[in-house]
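Read-outs: derived from the displayed coordinates by stated rules, not from any lab. The structure presented is a predicted model; accordingly, all values stated were derived computationally and were not measured. Because the Cβ atoms are built from the backbone with ideal geometry, glycine has one as well, and the counts that use them run over all protein chains shown.
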Amino acid sequence: MLRLQSIILAKAKHFTVPSPSSLRLVKKRMIAMDLMHHSSCFLLPTIPLQRRPSLTTAQLHLCADGGANRLYDEMPLFFPQEDASDVRRRYKPDVIKGDMDSIRREVLEFYASLGTEIVDKSHDQDTTDLHKCVTYIRDSASGLDKSNLCILVVGALGGRFDHEMGNVNVICRFSYMRIVLLSNDSLIHLLPRTYCHEIHIQTSVEGPHCGLIPIGTPSKSSTTTGLQWDLNNTAMEFGGLVSTSNIVKEEKVTVQSDCDLLWTISIKKL
Amino acid sequence: MDSIRKEVLDFYRSLGTKIIDKSHDQDTTDLHKCITYIWDFAPDANKSSLCILVAGALGGRYDHEMGNLNVLYCFSSLRIVLLSDDSLIYLLPRTHHHEIHIQTSVEGPHCGLIPIGAPSRSSTTTGLRWNLNNTEMRFGGLISSSNIVVGEKVTVQSDTDLLWTISIKKL
């Protein structure tokens, strides 16, 4: 499966979800903590045989700098019978943002000529290109319905390890936003410690391999249901126990922890 | 032995490869089991100079990758290097001051220092484009990624275990 690098899709227009809407925070008191629902409905094809992710249903498409090179080079490979330029025009990003040190000149000019907004932030060397894109979505994107925002980041993992960690750090920094990092093999999102979490497993497209990672600080107590090896007020830390190579056993997994955890689950091959 | 294909196992066994089946132990990863084996197998005299290279350690399933990183922390007294096509990673234990000699023909310039598992109140470096100077690092705040090696020697000192990562040059 081809890898698309750092293309950010902001909010699918509709989800097929179990009730209620998976993106609405449910004000249900459970152990004095609000409940947060999660569902990877964006992985479900909306038309038969459609490849994931569902690019056509996002409100906004952004490329983080060199991600535009990957979009330009690899999108036509999904449609080998069609003219490459036609495919590129059909799947052009709305915005390209970053410090512009990776995007090729001809790619930049191609998308600029199609009306893509180019936001050059080369003066800002303190944040990653992904960080700049998330800030753009949060602050600048006009006409965007931000009430139920979910940001999908394609091509976020693999490649240079420091890049990958930088991307993981972005979801930790924007812990109040729903941001999902995607690769060919896995998806990751943050489970903030301020919520009890219910994760609705889309078994046709994800699982069964999963993990819970105390990426930034040790956890003195985490509790889960729905996993082969559930945690029960269990301590987790690097250098000790980290929940990896776990297995989803039920269609709903619950997680509660005293620290922010990364949830990761495998994505099934097409 | 839940991943190896039967014909692969039979082939290597026929060449004399030792097969150690630890399927009863579901509490540790396969890499962890291998490191334990090496540690138990290596003569005491060689242990201090032991260096374990793990190829194919990154990419693929993210939980696998994190499990491999955790092995570095579990065996922090051992030199273990995780390798992929793009990067290498190893642990810089907080108990030591570190000097990293950069092999510029094969690695760099992109690098990073990652405080996985615990925040750092104070880290200091030399030899990087953006050096740290008693700088705090943590997930959710500053971590040193997309940094650049500027010389042939990088020094690192920190109050916490850090992961050092550097890019590997394409052939």
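Provide the three semi-axes, in whole Å and in decreasing order, of the ellipsoid equivalent to the protein assembly as shown as defined by the square roots of 5 times the Cα gyration tensor eigenvalues. If you can, show how the numbers build up before the last one.
Details: eigenvalues 230, 153, 110 Å².
Over the Cα atoms of the protein assembly as shown, the ellipsoid semi-axes are 34, 28, 23 Å.
Calculate I(q)/I(0) for region A:186-269 by the Debye formula, one identical point scatterer on each C-alpha and no solvent, and give its log10 at q = 0.11, 0.26 Å⁻¹ to two decimals. After summing over all Cα pairs, the log10 values are -0.24, -1.39.
When you filter the trypsin sites (Lys or Arg not before Pro) in region B:1-73 for DSSP loop state and at most 16 other Cβ atoms inside 10 Å of their Cβ, you are left with B:5, B:18, B:22.
What list do you get for B:4, B:52, A:137, A:265 if you sort them by fewest beta carbons within 10 Å?
Working: B:4 12, B:52 19, A:137 23, A:265 26.
The order, fewest Cβ neighbours first, is B:4, B:52, A:137, A:265.
One Cα centroid belongs to region B:53-122, the other to region A:221-269; the line between them spans 23 Å. For residue B:170, neighbours were defined as the other residues whose beta-carbon sits under 13 Å from its Cβ, and their charges (Lys and Arg +1, Asp and Glu -1) total -1. Residue A:254 sits among other residues whose Cβ lies under 10 Å from its own Cβ, and their net charge, with Lys and Arg +1 and Asp and Glu -1, is -2.
Give the residue list of GluC sites (Glu not before Pro) in region B:94-171 that are DSSP loop and have at most 14 other beta-carbon atoms within 10 angstrom. Write down the numbers at each step before the final one.
On the way: sites: B:99, B:107, B:136, B:152; in loops: B:152.
Within region B:94-171, the qualifying GluC sites (Glu not before Pro) (loop, at most 14 other Cβ atoms within 10 Å) are B:152.
Couplings 3J(HN,Hα) of region A:261-270, computed from phi: 10, 8, 9, 10, 9, 6, 9, 6, 5, 5 Hz, in residue order, whole Hz [Karplus 6.51 cos²θ - 1.76 cosθ + 1.60, θ = phi - 60°; x for Gly and Pro]. Positive contributions from Lys and Arg (+1) and negative ones from Asp and Glu (-1), summed over other residues with Cβ under 14 Å from the Cβ of residue A:236, come out at -4.
Please average, across the residues of A:262-268, the number of beta carbons from any other chain that are within 10 Å of each residue's own beta carbon, and give a whole number. Walk me through the intermediate numbers first.
Values: counts 4, 1, 6, 3, 5, 1, 0.
Neighbouring Cβ atoms belonging to other protein chains average 3 per residue here.
In this structure the amide hydrogen of residue A:229, modeled in the peptide plane, comes within under 5 Å of the amide hydrogens of A:247, none closer than 5 places in sequence on its chain.
Semi-axes of the equivalent ellipsoid for chain B, computed as √(5λ) from the eigenvalues of its C-alpha gyration tensor and ordered from largest down, come to 32, 17, 16 Å. Between residue A:84 and residue A:33, the simple spin-label model (points 7 angstrom out along Cα→Cβ) gives 5.1 nm.
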